[in-house]
Amino acid sequence: MRDGTVKVGLAPNLYPPELTFRAAELCEESGLDGLWLADHVVAFGIKRFAAVDAWTTLAALAVKTRRVRLGSSVSDPHRRHPETLAQIVATVDLLSHGRTVLGIGAGEAMNLTPFGVEWDHPVSRMREAVQAIKLLWTLDQVDFEGRFVRLSKAILDLKPVQRPHPPIWIGANSPRSLRLVGELGDGWIPIAGEPKDYARKLQFVRQVASDAGRNPEEIVPALFAYVGVAVERAALERKFLLPVKALYLTTTVPELNVWKHVPLNREMGERILFEAQKLDVKLDELVDRRVAVIGTPRECVDLLQEYVNAGARYLILAPLSRPEEFVETAKLCIDGVAKELTG
């Protein structure tokens with residue numbers, strides 16, 4: 001990655017655990033670098049499923065796999081105290097013999113608001129959580145006095161395998177969170193947007209890192225992208241138009257934005273689906289707006305290559321599919337897209 005190579009990981013949707021385990025097997029067999037799990041309480045999609053706990057599942061995968069990197073994309077610092085998150089990740093790092101990455105972000109309304117979890121000042125809370133976790137992983141005893149996190153003679157004897165600690169990759173798109181990446185992050189995981197916007201934000205992250213006395217090249221520039229791939233172009237609209245329209249609405253319409261503004265309950269899920277069905281927009285238009293990467297394998301490679309040209313060196317691909325089609329779609333994503341980008 002520092003030498004210009006590109007690595008690819010797979011992020012299975014919030015499907016039943018057996019599909020996640022199968023995704024891990026595919027990553028191991030194919031040589032993909034990592035498996036990344038969304039850390040949600042609530043599953044989001046046209047057809048929702050129970051969201052299993054990400055880190056419990058990653059712990060199980062730690063003993064079922066031998067090579068693949070295991071990460072969250074991403075955890076929030078609000079539902080778990082930094083000490084708890086530090087202990088959990090250190091445990092998975094121990095079980096996996098040093099293959100763990102903590103992906104962390106500011107949190108989503110759907111996972112917090114319905115449960116009464118405070119997430120005011122999300123970036124400030126995330127900053128203190130990252131600082132505290134690093135200290136707990138590297139020091140014998142920790143005193144930390146923040147606005148939201150306070151540790152007094154705190155001891156976490158369980159240290160991770162990786163030294164000085166497992167990488168912390170920060171999900172960031174806003175200026176404040178991007179600054180946090182440059183100052184404290186080991187990697188950056190933004191949601192896919194315009195490639196030129198990606199390049200601009202990466203330059204900002206690197207400048208902040210340089211100003212902080214860090215080596216900007218030590219920060220892994222990653223990308224999280226929803227990918228819909230089909231061999232026949234005629235199948236694309238049938239398979240992906242509705243879920244991509246739903247994604248579009250939840251990021252552009254404030255009253256439907258379950259990531260930042262509103263809780264996701266059954267009524268909201270039905271409303272999003274209803275509005276998506278009414279929305280008069282073509283799939284190509286949504287792809288042009290970079291809501292998701294959709295196309296034949298060659299078209300997906302070309303779209304993702306634009307992010308590589310903009311500086312991305314780690315691609316986390318989240319295949320869009322119905323559960324019964326996931327294995328087929330994941331294999332196509334691996335063989336037709338990922339291997340082209342890494343080969």
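Please treat every number below as a calculation from the coordinates, not as lab data. It should be emphasised that the depicted structure is a prediction, and the values quoted were computed from it without experimental measurement. Please note: Cβ atoms are built from the backbone with ideal geometry, for glycine as well, and neighbour counts cover all protein chains shown.
Between THR252 and GLU325, the simple label model (points 7 Å from Cα in the Cβ direction) yields a spacing of 2.3 nm. Between VAL41 and GLN305, the distance separating the two model label sites (each 7 Å from Cα on the Cα→Cβ line) works out to 4.4 nm. A protection proxy built from the mean count of other Cβ atoms within 10 Å ranks the segments 176-186, 267-277, most packed first, as 176-186, 267-277. Fewest neighbouring Cβ atoms within 10 Å first, the residues HIS78, HIS97 line up as HIS97, HIS78. Using just its DSSP H runs of length 4 or more, each adding -39500 (n - 2.57), the chain gives a mean residue ellipticity at 222 nm of -13000 deg cm²/dmol after division by all residues.
For PHE144, the residues whose amide H sits under 5 Å from its own are LEU151, SER152, LYS153, ignoring neighbours fewer than 5 places away on the same chain, with H placed 1.01 Å from N. Between GLU285 and THR84, the simple label model (points 7 Å from Cα in the Cβ direction) yields a spacing of 4.4 nm.
Bridgeable lysines around LYS201 (alpha carbons under 27 Å apart, same-chain partners fewer than 8 residues away excluded): LYS7, LYS134, LYS245, LYS260, LYS339.
A simple rule links phi to the HN-Hα coupling: the Karplus curve 6.51 cos²θ - 1.76 cosθ + 1.60 with θ = phi - 60°, which for the range 4-16 gives x, 6, 10, 10, 10, x, 10, 10, x, 5, 6, 9, x Hz, with x for Gly and Pro. Each Lys or Arg adds one and each Asp or Glu takes one away; over the other residues whose Cβ falls under 11 Å from the Cβ of LEU184, this sums to +1.
Pairwise Cα distances in the range 189-343 exceed 21 Å in 51 percent of cases. Annotation: amide H of GLY228 within the under-5 Å range of VAL293, ILE294, GLY295, LEU320, sequence separation 5 or more or interchain, hydrogens built in the peptide plane. Extension gain, ARG66 to LYS196: 0.36 nm times the residue separation minus the Cα-Cα distance gives 43.1 nm.
3J(HN,Hα) couplings calculated from phi for the range 114-129 with the Karplus curve 6.51 cos²θ - 1.76 cosθ + 1.60 (θ = phi - 60°) are, in sequence order, x, 9, x, 8, 5, 9, 6, 6, x, 6, 5, 5, 5, 4, 5, 5 Hz; Gly and Pro show x. Taking Cα atoms only, the orientation of helix 82-95 departs from the longest principal axis of the chain by about 80 degrees.
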